[in-house]
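Following: one structure in structure tokens, then a few remarks.
The values are calculated or read from the model by the stated rules, or taken from the named source; none is laboratory data. Owing to the predicted nature of the structure, the values given are computational and were not obtained by experimental measurement. Note: ideal-geometry Cβ built from the backbone for every residue, glycine included; neighbour counts use all protein chains shown.
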Amino acid sequence: MKLFSLLKEILDPTQEYQELVNDIIDQGGEYLGEGDYGVVFMVGDKVKKVTTDSEELEDAQQIKGQRTKYFVYIYDVEVRNPKLGIITMEDLQPFTGNEKDVPIDDIMEEADLLGIYPDLEGPGGSIKMDNLMQDKRGRIKVIDV
């Protein structure tokens, strides 16, 4: 049975992915953007991200329900298979600062305490600014855990 599940994941990931995306659109999801591993929608007052990143799903489960200083609040994580799921998170605003404003050491320290590995590394050792947002008070939040 486990082999069948594994083969199904390998042979049919796009159909399952598309079904999740269609379900969110049917719920009134408003497209916000996409990245290498998924797509993001606004549904009501929450953000739903369909992702194929297994590490992100694991890290999101690790911090689900926890209020943290530097990471987006995760309301729910629905895992369809190890490489497909939906992360429901708080709605944040675009980050208005620049790379020198990012307390990277503090973020990494909190990540270590939480047992997660955030996706913050960009090309050439820069910070991936696309993975940073801010809350209504202007506090930096990492959205790609």
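Would you point out the residue of segment 71-94, among those that are outside any strand (DSSP E or B) and at pLDDT 95 or above, that is surrounded by the most Cβ atoms within 10 Å (Cβ to Cβ)? This residue is V72.
Going through (1) under 12 Å from the mean Cα position of the chain (by Cα); (2) within 14 Å of I143 (Cα to Cα) one by one, S54 falls short only on (2). Residues in segment 40-62 that are closer than 21 Å to G115 by Cα and outside any strand (DSSP E or B): T52, D53, S54, E55, E56, L57, E58, D59, A60, Q61, Q62.
Quick one: in segment 118-145, which of the residues that are among the β-branched types (V, I, T) and part of a loop (DSSP other than H, G, I, E, B) is surrounded by the fewest Cβ atoms within 10 Å (Cβ to Cβ)? The selected residue is I143.
Could you look through segment 95-117, keep only residues that are surrounded by 11 or more Cβ atoms within 10 Å (Cβ to Cβ) and small (G, A, S), and pick out the one that is nearest to Y70 (Cα to Cα)? So, considering only residues that are surrounded by 11 or more Cβ atoms within 10 Å (Cβ to Cβ) and small (G, A, S), the one nearest to Y70 (Cα to Cα) is A111. Among the residues making up segment 22-38, those that are surrounded by fewer than 19 Cβ atoms within 10 Å (Cβ to Cβ) and on the phi < 0 side of the Ramachandran plot are N22, D23, I25, D26, Q27, E30, Y31, L32, E34, G35, D36, Y37.
Checking each residue of segment 26-35 against the condition of being under 16 Å from D130 (Cβ atoms) and assigned to a helix (DSSP H, G or I) gives no match.
The residues of segment 47-61 that are surrounded by 16 or more Cβ atoms within 10 Å (Cβ to Cβ) and polar (S, T, N, Q), listed by number, are T51, T52, Q61.
Cβ-Cβ distances below 7 Å connect the following pairs, each with a first residue in segment 132-145 that is polar (S, T, N, Q), a second residue that is assigned to a strand (DSSP E or B), and a separation of six or more residues or different chains: Q134/Q93; Q134/I140; Q134/K141.
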